[in-house]
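Read through the structure below, which is laid out as structure tokens, and then see the notes.
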Amino acid sequence: MHSTTDNPQPATAHAVETLRGRTIVTGDKSISHRALMLASLALGTTTIHGLLEGEDVLRTAEALRQCGVPITRHADGHWTVSGRGIGGLHEPANILDMGNAGTAARLMMGLLSTYPFTSHFTGDESLRKRPMMRVITPLQQIGATFIARDGGRLPLAMKGASQPMPIHYALPVASAQVKSAILLAGLNIKGTTTVVEHEATRDHSERMLRFFGVPVKTTTDEDGTVTITLDGQPNQKPEERTLHVPADPSSAAFPIVAALLVPKAEVTVTNVCLNPLRTGLFDVLKKMGADITISNPREVGGEPVGDITARSSHLKEVDVPAHIAPSMIDEYPILAIAAACATGKSVMRGLSELRVKESDRLAAIIAGLRANGVEAHEEGDDLVVYGKGGRPQGGGTVTTHFDHRIAMSFLILGLVSKEPVTVDDTRAIATSFPSFMTLMRDLGAKFIIARKVERPTPERRMVITVDGPAASGKGSLARRLAYHFGLGYLDTGLLYRAVGMRVLYANQDPHDVAAAIAAARAINAQDLANPKLRGERIGKAASIVSAMPEVREALLEYQHRFAASENGGVLDGRDTGTVICPDADYKFFITASLEARAKRRHKELQDYGVTVDYQSVYDDLVERDARDANRAVAPMKPAEDAVVIDTSKLTMSQVFEKVMGELGG
Ligand code: S3P
């Protein structure tokens with residue numbers, strides 16, 4: 001099982017002017033899970049074309065193999081399953097690890113709940129947080145027993161019912177997964193199993209059961225209540241079947257929304273599943289003014305299918321009522337991106353279920369939007385997004401919580417933001433849409449995968465220097481880099497203060513070169529930790545001794561010793577990239593406009609409770625800059641091979657991200 005926290009793979013998306021092309025996204029995830037499961041319960045061989053080979057679906061294949069079903073992959077998306085028949089599965093020999101896949105876990109629990117053996121289920125960190133009570137409760141009524149973690153979470157052990165009972169179950173939450181788990185159990189229960197849903201959810205299980213010859217009845221009342229009945233243990237006869245999985249509308253949503261938002265774009269996604277219980281997003285986008293057209297409508301494997309074309313559009317705000325949620329439950333992250341670029345305030349209602357998806361999507365969407373300059377908040381279970389009516393600011397880093405749809409949505413945001421958007425980890429994308437990056441790049445997207453920066457070790461030392469004018473933010477950056485890489489940090493400016501301090505404390509004159517040299521040779525780490533170093537009198541002495549070439553020379557050794565320490569280190573201050581460590585691995589020169597620096601310094605002083613007017617802070621910096629640039633000894637200048645970063649318009653985090661980008665490639 002791969003960890004959701006080790007070795008993240010960040011990526012950054014940059015603005016593009018055009019997106020063009022015709023593309024086919026991968027097979028539908030919901031249908032792919034069901035295809036493997038129902039083919040396993042059929043008699044005879046089922047050939048599947050277009051199967052999604054995302055990690056989630058591969059977990060389903062592996063779990064079924066563990067239950068004794070021969071499943072073979074022949075080529076991309078082309079698989080065969082030798083069905084064992086209803087009631088023909090074996091006890092799994094090991095724990096079923098469902099990875100990140102909620103659908104796989106819940107449906108497999110239903111599938112195995114009617115076999116009188118014990119199955120063990122687990123999953124990754126995200127899946128282990130998700131609620132399983134919603135399937136445990138009806139499966140207990142059928143006769144299965146469970147030992148689960150607190151709150152009905154994975155890992156859990158399920159002992160299947162030896163005499164399973166048909167149930168009549170009204171879904172307390174609108175969930176296709178719970179409905180499907182019950183129907184899959186019902187297949188192996190004598191008698192009629194009934195599921196009632198007050199809001200219709202995706203009906204792929206029902207459609208596919210019919211495809212496999214199982215009569216499933218669905219009736220809908222005037223008030224929208226849907227009743228599904230299934231007579232279990234039907235007569236089965238061996239049959240060769242071929243099943244085509246249409247493309248996933250939830251994956252198609254990403255290139256389609258991208259095409260609507262990018263200025264000059266036209267993208268067609270072909271062969272998309274247009275099951276009306278999945279296409280809520282496209283209807284909502286059209287209401288927002290999206291130029292979306294559907295062509296070539298047809299039916300494939302019992303599902304309506306068509307080609308979708310999207311062109312650049314000016315979107316306006318929208319109010320999405322709660323009852324639409326089941327038909328677009330996975331599309332709220334990408335709809336929120338569309339809303340962020342639309343004009344006006346959009347409201348998406350009744351989204352409590354988003355809190356228990358692969359992550360708390362409501363929280364992840366809001367945090368991601370805010371990090372990129374878009375105002376959004378929750379009101380009860382509603383999501384409110386204030387559209388920018390154009391390009392959002394961007395520039396932020398989004399925490400994805402190992403959630404594929406959060407990662408893909410915010411990469412799309414980066415394609416239309418003023419500044420690049422970084423997502424902290426893209427690995428989860430492989431659970432549902434492994435070809436996302438390549439496919440989007442083929443259309444014209446600009447995604448840059450950060451090369452991993454390895455932690456320094458004695459074998460792989462790293463010396464970083466950070467120089468720049470006063471109040472440019474170089475100190476904060478250097479400290480953050482040191483903390484990030486677990487390296488030592490040296491503020492070289494403090495060395496001159498330490499020399500000044502020693503001279504003053506020995507009652508000597510700071511202009512006395514010999515005394516200053518002796519002090520420079522004597523300084524130690526304790527001196528640098530002395531809180532008195534920051535005092536004004538010591539500051540004045542420091543500026544005198546720092547102008548003496550002999551003192552600078554004498555301090556070189558201390559700095560070299562620091563840079564030679566085990567894993568390397570981060571040095572911040574004058575000359576660090578030129579004179580002190582000309583061979584440093586990475587050199588940065590951090591600057592900012594005079595105004596930006598003056599504003600920062602002024603605020604910093606105010607935060608410290610120092611009352612000083614802005615103009616005097618400004619004048620002080622002008623004077624320091626002039627002194628720094630013109631002095632004979634160690635004038636300020638960037639090393640030729642330093643990366644120069646202007647931080648005037650950047651936050652500290654943005655500067656850090658930029659530097660990390662440089663370090664990573
Ligand atoms: C799915 C149902 C939905 C959806 C998930 C796939 C399915 O979950 O979010 O991605 O295949 O049945 P819920 O049933 O929890 O709403």
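The values are calculated or read from the model by the stated rules, or taken from the named source; none is laboratory data. Computed from a prediction, not measured in an experiment: that's the story for all the values here. As a convention, Cβ positions derive from the backbone with ideal geometry for all residues, glycine included, and neighbour counts pool all protein chains shown. We work out accessible area using only protein heavy atoms, side chains counted, and drop any ligands, DNA or RNA first. Shrake-Rupley method; radii C 1.70, N 1.55, O 1.52, S 1.80 Å.
Below, the figures for the structure above:
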| read-out | value |
| --- | --- |
| 14 Å Cα cut-off, lysine pairs counted over the range 462-663 (separation 8 or more, or different chains) | 7 |
| Point-to-point label distance, ASN524-ARG455, nm (Cα→Cβ direction, 7 Å offset) | 3.0 |
| Diffusion constant of the range 383-495 at 20 °C, which comes from Stokes-Einstein with the Kirkwood Cα-pair radius and 1.002 mPa s, µm²/s | 124 |
| q = 0.11, 0.15, 0.19, 0.20 Å⁻¹, the range 1-135: log10 I(q)/I(0) [Debye, one scatterer per Cα] | -0.47, -0.78, -1.11, -1.19 |
| Under 19 Å from LYS237, Cα to Cα: lysines that are on another chain or at least 8 residues apart | LYS190 |
| Qualifying aspartates and glutamates (Cα of each under 12 Å from Cα of LYS159; at least 8 residues distant if same chain) | GLU91 |
| Accessible-area composition of the chain, carbon plus sulfur, in percent [1.4 Å probe] | 51 |
| Shape call, the range 424-566: gyration tensor on alpha carbons, a/c limit 1.5 | prolate |
| Alpha carbon centroid spacing (whole Å) that separates the range 239-253 from the range 569-618 | 58 |
| Rg over Rh [alpha-carbon atoms, Kirkwood Rh] for the range 462-663 | 0.95 |
| Average accessible area per residue (Å²) across the range 462-663 - probe 1.4 Å, nucleic acids and ligands excluded | 51 |
| Two-site label geometry, LEU594 and ASP620: point separation in nm, points 7 Å out along Cα→Cβ | 1.7 |
| Chain lengthening between ALA93 and GLU17 when straightened (0.36 nm per residue, less Cα-Cα) | 22.0 nm |
| Estimated inter-spin distance, ARG631 and GLN606, nm [label 7 Å along Cα→Cβ] | 3.0 |
| Lysines with Cα under 28 Å of LYS286, excluding same-chain neighbours fewer than 8 positions away | LYS29, LYS264, LYS316, LYS345, LYS357, LYS388, LYS418, LYS446 |
| Accessible area, probe 1.4 Å, largest first, for residues HIS33, HIS90 | HIS90, HIS33 |
| Angle between the chain longest axis and helix 332-341 axis [Cα atoms, degrees, rounded to 10] | 50 |
| Taking all pairs of distinct alpha-carbon atoms in the chain, Kirkwood radius in angstrom | 28.3 |
| Inter-centroid distance (Cα atoms) of the range 55-94 relative to the range 365-385, Å | 41 |
| With 5 Å bins from 0: P(r) over the range 193-299, alpha-carbon pairs, percent | 2, 9, 16, 17, 14, 14, 12, 8, 4, 2, 1, 0 |
| Pairwise FRET efficiency - TYR483 versus VAL579, Cβ, R0 = 22 Å, nearest 0.05 | 0.30 |
| Euclidean distance of C-alpha centroids, the range 497-527 and the range 419-469, integer Å | 46 |
| Helix-only CD estimate at 222 nm, as mean residue ellipticity for the chain, using -39500 (n - 2.57) per DSSP H run (n ≥ 4) | -11000 deg cm²/dmol |
| Prolate/oblate/rounded call for the range 29-244, Cα gyration tensor, a/c under 1.5 rounded | rounded |
| Exposed-loop-free span, longest in the chain, where chymotrypsin sites (Phe, Trp or Tyr not before Pro) count as exposed if DSSP calls them loop and at most 16 other C-beta atoms lie within 10 Å | 118-607 |
| FRET efficiency estimate (nearest 0.05) - Cβ-Cβ, LYS237 to ARG311, R0 35 angstrom | 0.10 |
| Diffusion constant of the range 97-147 at 4 °C, which comes from Stokes-Einstein with the Kirkwood Cα-pair radius and 1.567 mPa s, µm²/s | 116 |
| Whole-number accessible area per residue in Å² for the range 29-244, which is evaluated in the context of all protein chains at 1.4 Å | 38 |
